Amino acid sequence: QEAVSHLEEFKLREVEKERAELRVMKENSTAQLAHLHRSRLMACRSQTETKETMMRNEKEMEALEEKLEKMTAEKQRQWDQELQSWRSTIHLAASQVGDSLT
């Protein structure tokens, strides 16, 4: 039972590491786009150009956020499936080991 718990914890730590990496990637992507948007706005020479750029920037940021949300949801499904498969495998192996000891 202790070995089963240890293996489950191992997989959970692995998934948490991947979640942290995804969070950093999302933050970096958003920061890079925000930097690009600021640069574009600073290059604007008229009020009309500024408004158009702001609308373009807003659409791009919304598209990025939607893409990141979809990616996060897909990764969450993947992690859930991996954890379930991992648990099933561990419990099956543990029960086989337990049966062979009796």
Net charge (Lys, Arg +1; Asp, Glu -1) of residues whose beta-carbon lies under 13 Å from that of T53, T53 excluded, is +2
So the angle from the long Cα axis of helix 47-101 to the longest Cα principal axis of the chain, reported in degrees to the nearest 10, equals 0
In a Gaussian network model of the chain with springs linking alpha carbons closer than 10 Å, the residue among Q84, Q47, Q32 that fluctuates most is Q47
If R0 = 35 Å, then L83 and T53, at their Cβ-Cβ distance, give a FRET efficiency to the nearest 0.05 of 0.20
One finds, for Q1 and S100 with R0 = 22 angstrom and r their Cβ-Cβ distance, a FRET efficiency to the nearest 0.05 of 0.90
Checked the chain against the a/c 1.5 cut and the a/b vs b/c comparison, axes a ≥ b ≥ c from its Cα gyration tensor; verdict prolate
Toy charge model, Lys and Arg Cβ at +1, Asp and Glu Cβ at -1: the chain dipole around Cα centroid in debye, rounded to 20, equals 580
Residue span A20 to H35: 0.36 nm per residue of separation minus Cα-Cα distance leaves a gain in nm of 3.2 nm
Relative contact order of the chain (C-alpha contacts under 8 Å, at least 6 apart) in percent is 49
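Where a number appears in this text, it was derived from the coordinates with a stated rule and is not lab data. All of these numbers come straight from a predicted model, not from anything done at the bench. With ideal geometry, Cβ positions are generated from the backbone for all residues, glycine too; neighbour counts draw on all protein chains shown.
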